Amino acid sequence: MMDASQIEFGIDSFGDRPRNDRGEIVSHAQAIRAAVTEAVLADQAGIDVIALGEHHRPEYAISSPETVLAGIATATKRIRLASGVTVLSSDDPVRVFQRFATVDALSGGRAEVILGRGSFTESFPLFGYDLKDYEVLFEEKIDLFHRLLDETPVTWEGTTRPALRDADVYPKTESGRLATWVGVGGTPESVLRTARYGFRLMLAVIGGAPGRFAPYVDLYRRANQELGTPAHPVGMHSPGFVAATDEEAKELFYPGYREIRDRIGALRGWPPLRREEFDAEVEHGSLYVGSVETVANKIAQAVRVLDVGRFDMVYSAAGTVSATARLRSVELYGTAVIPRVREILAEQPTVTVGTTR
(Lines give C-alpha, C1' and ligand atoms only; values in the text may rest on other atoms or scores of the structure.)
Protein backbone atom coordinates (compact mmCIF):
# COMPACT_ATOMS: atom_id res chain seq x y z
CA MET A 1 0.00 0.00 0.00
CA MET A 2 1.38 3.43 -0.98
CA ASP A 3 1.81 6.16 1.60
CA ALA A 4 -1.49 8.06 1.78
CA SER A 5 0.24 11.36 1.12
CA GLN A 6 1.60 10.06 -2.19
CA ILE A 7 -1.70 8.89 -3.67
CA GLU A 8 -3.01 11.22 -6.37
CA PHE A 9 -6.59 12.26 -7.04
CA GLY A 10 -8.03 13.49 -10.31
CA ILE A 11 -11.27 14.28 -12.09
CA ASP A 12 -12.41 13.18 -15.55
CA SER A 13 -14.95 14.57 -18.01
CA PHE A 14 -16.12 14.07 -21.58
CA GLY A 15 -17.51 17.59 -21.68
CA ASP A 16 -21.02 16.35 -20.88
CA ARG A 17 -23.54 19.11 -21.48
CA PRO A 18 -24.99 20.30 -18.13
CA ARG A 19 -28.19 22.28 -17.53
CA ASN A 20 -28.16 26.00 -16.87
CA ASP A 21 -30.07 27.72 -14.06
CA ARG A 22 -33.24 27.69 -16.20
CA GLY A 23 -33.06 23.91 -16.59
CA GLU A 24 -31.99 24.04 -20.26
CA ILE A 25 -29.24 21.80 -21.62
CA VAL A 26 -26.41 24.11 -22.65
CA SER A 27 -24.78 24.26 -26.08
CA HIS A 28 -21.58 22.45 -26.97
CA ALA A 29 -19.67 25.75 -26.81
CA GLN A 30 -21.02 26.50 -23.35
CA ALA A 31 -20.15 22.98 -22.18
CA ILE A 32 -16.55 23.41 -23.32
CA ARG A 33 -16.29 26.69 -21.42
CA ALA A 34 -17.86 24.98 -18.40
CA ALA A 35 -15.10 22.35 -18.49
CA VAL A 36 -12.48 25.10 -18.37
CA THR A 37 -14.24 26.75 -15.42
CA GLU A 38 -14.38 23.40 -13.61
CA ALA A 39 -10.68 22.83 -14.26
CA VAL A 40 -9.76 26.22 -12.81
CA LEU A 41 -11.82 25.42 -9.70
CA ALA A 42 -10.18 21.99 -9.46
CA ASP A 43 -6.75 23.64 -9.61
CA GLN A 44 -7.70 25.98 -6.77
CA ALA A 45 -9.23 23.13 -4.74
CA GLY A 46 -6.03 21.08 -4.77
CA ILE A 47 -7.05 18.32 -7.21
CA ASP A 48 -3.97 16.76 -8.83
CA VAL A 49 -5.15 15.99 -12.38
CA ILE A 50 -7.96 16.73 -14.83
CA ALA A 51 -8.45 14.27 -17.70
CA LEU A 52 -10.68 15.12 -20.65
CA GLY A 53 -11.97 12.35 -22.88
CA GLU A 54 -12.55 12.32 -26.63
CA HIS A 55 -16.01 11.69 -28.05
CA HIS A 56 -17.78 12.47 -31.30
CA ARG A 57 -21.38 12.27 -30.13
CA PRO A 58 -24.13 14.84 -29.43
CA GLU A 59 -24.12 14.20 -25.66
CA TYR A 60 -20.51 15.29 -25.32
CA ALA A 61 -18.79 18.53 -26.27
CA ILE A 62 -15.12 17.54 -26.26
CA SER A 63 -13.83 15.95 -29.46
CA SER A 64 -10.34 17.46 -29.21
CA PRO A 65 -9.16 17.13 -25.58
CA GLU A 66 -5.75 18.67 -26.15
CA THR A 67 -7.29 21.87 -27.53
CA VAL A 68 -9.36 22.33 -24.38
CA LEU A 69 -6.38 21.34 -22.23
CA ALA A 70 -4.33 24.06 -23.93
CA GLY A 71 -6.93 26.59 -22.86
CA ILE A 72 -6.88 25.22 -19.32
CA ALA A 73 -3.07 25.32 -19.29
CA THR A 74 -3.01 29.10 -19.55
CA ALA A 75 -5.62 29.55 -16.79
CA THR A 76 -4.19 27.18 -14.15
CA LYS A 77 -0.97 26.85 -12.17
CA ARG A 78 -0.45 23.33 -10.81
CA ILE A 79 -3.09 20.81 -11.94
CA ARG A 80 -1.80 18.23 -14.43
CA LEU A 81 -3.56 18.02 -17.79
CA ALA A 82 -4.42 14.65 -19.32
CA SER A 83 -6.59 13.13 -22.00
CA GLY A 84 -8.96 10.44 -20.87
CA VAL A 85 -8.70 8.88 -23.41
CA THR A 86 -7.10 9.86 -26.70
CA VAL A 87 -8.52 7.42 -29.26
CA LEU A 88 -5.19 6.54 -30.84
CA SER A 89 -6.64 4.01 -33.31
CA SER A 90 -8.36 6.75 -35.35
CA ASP A 91 -5.65 9.39 -34.92
CA ASP A 92 -2.08 9.81 -36.08
CA PRO A 93 0.60 9.10 -33.46
CA VAL A 94 2.89 11.84 -34.76
CA ARG A 95 0.16 14.48 -34.51
CA VAL A 96 -0.91 13.21 -31.08
CA PHE A 97 2.67 13.58 -29.85
CA GLN A 98 2.99 17.06 -31.33
CA ARG A 99 -0.27 18.28 -29.84
CA PHE A 100 0.51 17.02 -26.36
CA ALA A 101 4.09 18.29 -26.51
CA THR A 102 2.52 21.69 -27.26
CA VAL A 103 0.19 21.41 -24.24
CA ASP A 104 3.22 20.39 -22.20
CA ALA A 105 5.03 23.56 -23.25
CA LEU A 106 2.05 25.83 -22.54
CA SER A 107 1.55 24.28 -19.10
CA GLY A 108 5.17 24.17 -18.02
CA GLY A 109 5.45 20.38 -18.17
CA ARG A 110 2.02 19.35 -16.85
CA ALA A 111 0.72 17.34 -19.84
CA GLU A 112 -0.09 13.63 -19.75
CA VAL A 113 -1.50 11.32 -22.42
CA ILE A 114 -3.92 8.49 -21.70
CA LEU A 115 -4.17 6.35 -24.83
CA GLY A 116 -7.03 4.00 -25.54
CA ARG A 117 -9.39 2.48 -28.04
CA GLY A 118 -12.36 4.47 -26.70
CA SER A 119 -15.73 3.21 -25.53
CA PHE A 120 -17.43 4.14 -28.83
CA THR A 121 -16.44 3.58 -32.45
CA GLU A 122 -17.91 6.65 -34.18
CA SER A 123 -14.43 8.10 -34.79
CA PHE A 124 -13.57 5.23 -37.18
CA PRO A 125 -15.97 6.08 -40.04
CA LEU A 126 -15.65 9.80 -39.26
CA PHE A 127 -11.93 9.74 -40.04
CA GLY A 128 -12.01 7.07 -42.73
CA TYR A 129 -10.95 3.95 -40.83
CA ASP A 130 -12.40 0.48 -41.23
CA LEU A 131 -13.55 -1.30 -38.07
CA LYS A 132 -12.21 -4.57 -39.45
CA ASP A 133 -8.77 -3.08 -38.78
CA TYR A 134 -9.64 -2.38 -35.13
CA GLU A 135 -6.87 -4.53 -33.66
CA VAL A 136 -4.05 -3.73 -36.06
CA LEU A 137 -4.71 0.01 -35.93
CA PHE A 138 -4.16 0.19 -32.19
CA GLU A 139 -1.28 -2.28 -32.15
CA GLU A 140 0.71 -0.47 -34.83
CA LYS A 141 -0.05 3.04 -33.62
CA ILE A 142 0.81 2.41 -29.99
CA ASP A 143 4.11 0.92 -31.16
CA LEU A 144 4.90 4.06 -33.16
CA PHE A 145 3.84 6.35 -30.32
CA HIS A 146 6.11 4.45 -27.94
CA ARG A 147 9.06 5.12 -30.25
CA LEU A 148 8.19 8.80 -30.60
CA LEU A 149 8.40 9.25 -26.84
CA ASP A 150 12.20 8.87 -26.98
CA GLU A 151 12.25 12.19 -28.89
CA THR A 152 14.96 10.97 -31.23
CA PRO A 153 14.76 10.35 -35.02
CA VAL A 154 12.35 7.50 -35.75
CA THR A 155 12.39 4.85 -38.45
CA TRP A 156 9.17 2.86 -38.51
CA GLU A 157 7.07 0.89 -40.98
CA GLY A 158 3.56 -0.53 -40.72
CA THR A 159 0.37 -1.04 -42.70
CA THR A 160 -1.84 1.73 -41.26
CA ARG A 161 0.14 4.91 -42.10
CA PRO A 162 3.11 5.93 -44.26
CA ALA A 163 6.52 4.72 -43.14
CA LEU A 164 8.99 7.02 -41.40
CA ARG A 165 12.67 7.17 -42.25
CA ASP A 166 14.91 8.87 -39.69
CA ALA A 167 12.09 11.32 -38.97
CA ASP A 168 12.57 13.88 -36.22
CA VAL A 169 9.36 15.19 -34.64
CA TYR A 170 8.85 18.60 -33.08
CA PRO A 171 8.32 20.27 -30.66
CA LYS A 172 10.45 18.47 -28.11
CA THR A 173 9.38 18.51 -24.46
CA GLU A 174 11.52 20.22 -21.84
CA SER A 175 11.59 17.08 -19.68
CA GLY A 176 12.45 14.79 -22.59
CA ARG A 177 9.42 12.52 -22.22
CA LEU A 178 5.65 12.76 -22.03
CA ALA A 179 3.99 10.85 -19.19
CA THR A 180 1.87 8.21 -20.93
CA TRP A 181 -0.88 5.92 -19.67
CA VAL A 182 -3.12 3.38 -21.36
CA GLY A 183 -6.79 3.23 -20.42
CA VAL A 184 -7.90 -0.39 -20.04
CA GLY A 185 -11.43 -1.68 -19.61
CA GLY A 186 -10.46 -5.11 -18.36
CA THR A 187 -8.77 -7.48 -20.81
CA PRO A 188 -5.56 -9.33 -19.93
CA GLU A 189 -4.13 -8.65 -23.41
CA SER A 190 -4.46 -4.89 -22.93
CA VAL A 191 -2.83 -5.08 -19.51
CA LEU A 192 0.10 -7.05 -20.88
CA ARG A 193 0.55 -4.65 -23.80
CA THR A 194 0.63 -1.72 -21.39
CA ALA A 195 3.31 -3.40 -19.30
CA ARG A 196 5.32 -4.40 -22.37
CA TYR A 197 5.67 -0.77 -23.46
CA GLY A 198 6.39 0.46 -19.95
CA PHE A 199 3.29 2.65 -19.89
CA ARG A 200 1.21 3.47 -16.82
CA LEU A 201 -2.06 1.53 -16.39
CA MET A 202 -5.39 3.32 -15.90
CA LEU A 203 -8.29 0.97 -15.17
CA ALA A 204 -11.79 2.02 -16.19
CA VAL A 205 -13.81 0.68 -13.26
CA ILE A 206 -17.32 1.80 -14.19
CA GLY A 207 -19.48 -1.00 -12.85
CA GLY A 208 -19.48 -3.76 -10.28
CA ALA A 209 -17.28 -4.19 -7.23
CA PRO A 210 -13.77 -2.72 -7.70
CA GLY A 211 -12.22 -5.90 -6.32
CA ARG A 212 -12.95 -7.74 -9.54
CA PHE A 213 -10.13 -5.72 -11.15
CA ALA A 214 -7.53 -6.92 -8.64
CA PRO A 215 -6.26 -9.71 -10.94
CA TYR A 216 -5.45 -7.10 -13.60
CA VAL A 217 -3.40 -5.05 -11.15
CA ASP A 218 -1.53 -8.21 -10.13
CA LEU A 219 -1.01 -9.19 -13.78
CA TYR A 220 0.39 -5.75 -14.60
CA ARG A 221 2.86 -5.86 -11.71
CA ARG A 222 3.98 -9.40 -12.48
CA ALA A 223 4.45 -8.49 -16.15
CA ASN A 224 6.49 -5.39 -15.20
CA GLN A 225 8.75 -7.58 -13.11
CA GLU A 226 9.20 -10.26 -15.74
CA LEU A 227 9.72 -7.78 -18.60
CA GLY A 228 11.91 -5.40 -16.63
CA THR A 229 9.67 -2.42 -17.41
CA PRO A 230 8.95 0.40 -14.91
CA ALA A 231 6.66 -0.53 -12.01
CA HIS A 232 4.44 2.56 -12.12
CA PRO A 233 1.60 3.00 -9.62
CA VAL A 234 -1.74 1.89 -11.12
CA GLY A 235 -4.63 4.31 -11.57
CA MET A 236 -8.40 3.79 -11.65
CA HIS A 237 -11.30 5.96 -12.72
CA SER A 238 -14.96 5.65 -11.77
CA PRO A 239 -18.09 7.83 -11.94
CA GLY A 240 -18.96 9.93 -8.90
CA PHE A 241 -20.79 12.95 -7.55
CA VAL A 242 -20.61 14.72 -4.20
CA ALA A 243 -23.30 16.76 -2.44
CA ALA A 244 -24.26 17.77 1.10
CA THR A 245 -26.03 14.47 1.85
CA ASP A 246 -26.38 11.04 0.34
CA GLU A 247 -29.99 11.62 -0.63
CA GLU A 248 -29.28 14.96 -2.30
CA ALA A 249 -26.38 13.50 -4.26
CA LYS A 250 -28.44 10.58 -5.52
CA GLU A 251 -31.46 12.68 -6.44
CA LEU A 252 -29.32 15.16 -8.35
CA PHE A 253 -27.23 12.50 -10.06
CA TYR A 254 -29.75 9.79 -10.94
CA PRO A 255 -31.96 11.44 -13.61
CA GLY A 256 -29.09 12.51 -15.87
CA TYR A 257 -27.15 9.31 -15.27
CA ARG A 258 -30.20 7.22 -16.19
CA GLU A 259 -30.80 9.30 -19.32
CA ILE A 260 -27.27 8.84 -20.62
CA ARG A 261 -27.11 5.19 -19.54
CA ASP A 262 -30.38 4.36 -21.31
CA ARG A 263 -29.41 6.22 -24.47
CA ILE A 264 -26.17 4.29 -24.70
CA GLY A 265 -27.85 1.09 -23.58
CA ALA A 266 -30.38 1.29 -26.39
CA LEU A 267 -27.50 1.10 -28.87
CA ARG A 268 -25.99 -1.89 -27.11
CA GLY A 269 -29.08 -3.92 -26.31
CA TRP A 270 -29.21 -3.16 -22.59
CA PRO A 271 -32.54 -2.97 -20.74
CA PRO A 272 -33.50 0.41 -19.20
CA LEU A 273 -31.82 1.19 -15.89
CA ARG A 274 -33.97 0.52 -12.83
CA ARG A 275 -33.65 2.62 -9.69
CA GLU A 276 -32.90 -0.47 -7.62
CA GLU A 277 -29.91 -1.24 -9.86
CA PHE A 278 -28.64 2.30 -9.46
CA ASP A 279 -28.98 2.19 -5.66
CA ALA A 280 -27.18 -1.15 -5.53
CA GLU A 281 -24.31 0.21 -7.64
CA VAL A 282 -24.01 3.22 -5.34
CA GLU A 283 -24.03 0.97 -2.26
CA HIS A 284 -21.78 -1.86 -3.42
CA GLY A 285 -20.43 -1.09 -6.88
CA SER A 286 -18.48 1.62 -8.68
CA LEU A 287 -20.68 4.71 -8.41
CA TYR A 288 -19.11 7.09 -5.88
CA VAL A 289 -22.22 9.12 -5.18
CA GLY A 290 -23.06 10.66 -1.81
CA SER A 291 -21.93 12.97 0.96
CA VAL A 292 -18.30 13.80 1.65
CA GLU A 293 -17.99 11.07 4.27
CA THR A 294 -19.71 8.38 2.19
CA VAL A 295 -17.70 9.09 -0.95
CA ALA A 296 -14.43 9.38 0.97
CA ASN A 297 -14.97 6.05 2.71
CA LYS A 298 -15.85 4.34 -0.53
CA ILE A 299 -12.84 5.76 -2.40
CA ALA A 300 -10.54 4.75 0.45
CA GLN A 301 -11.93 1.22 0.33
CA ALA A 302 -11.36 0.96 -3.44
CA VAL A 303 -7.83 2.36 -3.16
CA ARG A 304 -7.02 -0.25 -0.52
CA VAL A 305 -8.64 -3.15 -2.37
CA LEU A 306 -6.80 -2.44 -5.63
CA ASP A 307 -3.71 -0.81 -4.09
CA VAL A 308 -3.77 1.99 -6.65
CA GLY A 309 -1.72 5.17 -6.62
CA ARG A 310 -4.30 7.36 -8.35
CA PHE A 311 -8.07 7.67 -8.24
CA ASP A 312 -9.92 9.76 -10.83
CA MET A 313 -13.61 10.60 -10.36
CA VAL A 314 -15.66 10.98 -13.54
CA TYR A 315 -17.41 14.02 -12.11
CA SER A 316 -19.66 14.82 -15.08
CA ALA A 317 -21.11 11.33 -15.55
CA ALA A 318 -24.54 12.55 -14.44
CA GLY A 319 -24.78 14.26 -17.82
CA THR A 320 -27.54 16.77 -17.44
CA VAL A 321 -27.05 17.73 -13.78
CA SER A 322 -26.90 21.51 -13.39
CA ALA A 323 -23.63 23.34 -13.96
CA THR A 324 -23.91 24.85 -10.48
CA ALA A 325 -24.28 21.45 -8.79
CA ARG A 326 -21.40 20.09 -10.82
CA LEU A 327 -19.11 22.91 -9.71
CA ARG A 328 -20.11 22.29 -6.11
CA SER A 329 -19.31 18.59 -6.51
CA VAL A 330 -15.82 19.40 -7.85
CA GLU A 331 -15.22 21.81 -4.98
CA LEU A 332 -16.33 19.30 -2.32
CA TYR A 333 -14.23 16.57 -3.90
CA GLY A 334 -11.09 18.71 -3.83
CA THR A 335 -11.47 20.50 -0.51
CA ALA A 336 -13.22 17.84 1.61
CA VAL A 337 -13.27 14.35 0.05
CA ILE A 338 -9.59 14.11 -0.86
CA PRO A 339 -8.29 15.26 2.55
CA ARG A 340 -10.73 12.86 4.23
CA VAL A 341 -9.58 9.93 2.08
CA ARG A 342 -5.98 10.64 3.06
CA GLU A 343 -6.99 10.67 6.73
CA ILE A 344 -8.82 7.35 6.45
CA LEU A 345 -5.97 5.67 4.59
CA ALA A 346 -3.42 6.95 7.10
CA GLU A 347 -5.41 6.08 10.24
CA GLN A 348 -7.55 3.00 9.56
CA PRO A 349 -6.18 -0.48 8.91
CA THR A 350 -9.48 -1.40 7.25
CA VAL A 351 -12.14 0.64 5.54
CA THR A 352 -15.90 0.31 5.77
CA VAL A 353 -18.24 2.14 3.42
CA GLY A 354 -20.24 4.60 5.52
CA THR A 355 -23.54 6.35 5.04
CA THR A 356 -24.31 9.95 5.95
CA ARG A 357 -27.76 11.43 5.62
Expressed in Å to one decimal, the Kirkwood Rh of the stretch 1-157 from all distinct alpha-carbon pairs is 16.7 Å
If you wrap the stretch 161-291's Cα atoms in a convex hull and average its projection over all directions, what's the area in nm²? 12.4 nm²
With +1 on the Cβ of every Lys and Arg and -1 on the Cβ of every Asp and Glu, the dipole magnitude of the stretch 226-357 about its Cα centre, in debye rounded to the nearest 20, is 280 debye
Counting only heavy atoms of protein chains, what accessible area per residue, in Å², does the chain have with a probe of 1.4 Å? 41 Å²
Please report the antiparallel percentage of the DSSP beta bridges confined to the chain, to the nearest 5. 10 percent
Using only the Cα atoms, work out Rg/Rh for the stretch 12-63, with Rh taken as the Kirkwood radius, to two decimals. 0.99
Under the rule rounded for a/c under 1.5, else prolate if a/b exceeds b/c, else oblate, using alpha carbon gyration tensor axes a ≥ b ≥ c, the stretch 226-357 is classed as oblate
Length gained if E248 through E174 is fully extended, taking 0.36 nm per residue and subtracting the Cα-Cα distance, is 22.1 nm
Here the alpha-carbon Rg of the stretch 14-103 over 2.2 N^0.38 Å rounds to 1.10
What FRET efficiency comes out for Q98 versus E259 if R0 is 25 angstrom and r is the Cβ-Cβ distance? Round to the nearest 0.05. 0.10
Computed curve, the chain, Cα-only Debye sum without solvent term, log₁₀ I(q)/I(0) at 0.08, 0.10, 0.11 Å⁻¹, is -0.37, -0.59, -0.72
Please report, in debye to the nearest 20, how large the charge dipole of the stretch 129-217 is about its Cα centre when each Lys and Arg carries +1 at its beta carbon and each Asp and Glu carries -1 there. 340 debye
When the accessible area of the chain is split by element with a 1.4 Å probe, what percent falls to carbon and sulfur? 53 percent
Helix-only [θ]222 nm of the chain, DSSP H runs n ≥ 4, -39500 (n - 2.57) each, per residue, nearest 500: -13500 deg cm²/dmol
Return the Cα extents of the stretch 65-216 along principal axes one, two and three, sorted largest first, each rounded to a whole Å. 40, 39, 30
Quick one: dipole size for the chain, taken about the Cα centre, charges +1 on Lys/Arg Cβ and -1 on Asp/Glu Cβ, in debye to the nearest 20. 180 debye
State the antiparallel share, in %, of DSSP beta bridges confined to the stretch 84-182, rounding to the nearest 5. 25 percent
Taking Lys and Arg as +1 and Asp and Glu as -1, residues besides A325 with C-beta under 10 Å from its C-beta add up to +2
Computed over the stretch 43-95, the Cα gyration tensor eigenvalues, each multiplied by 5 and square-rooted, give semi-axes in Å (largest first) of 22, 13, 10
Find the Cα radius of gyration of the stretch 89-133, compare it with 2.2 N^0.38 Å by division, and give the number to two decimals. 1.39
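The values are calculated or read from the model by the stated rules, or taken from the named source; none is laboratory data. Predicted, not measured: the structure shown is a model, and the values here were computed from it. Cβ: placed from backbone, ideal geometry, glycine included. Neighbour counts: every protein chain shown. Surface accessibility is based on the protein's heavy atoms, side chains included, excluding ligands, DNA and RNA. Shrake-Rupley method; radii C 1.70, N 1.55, O 1.52, S 1.80 Å.
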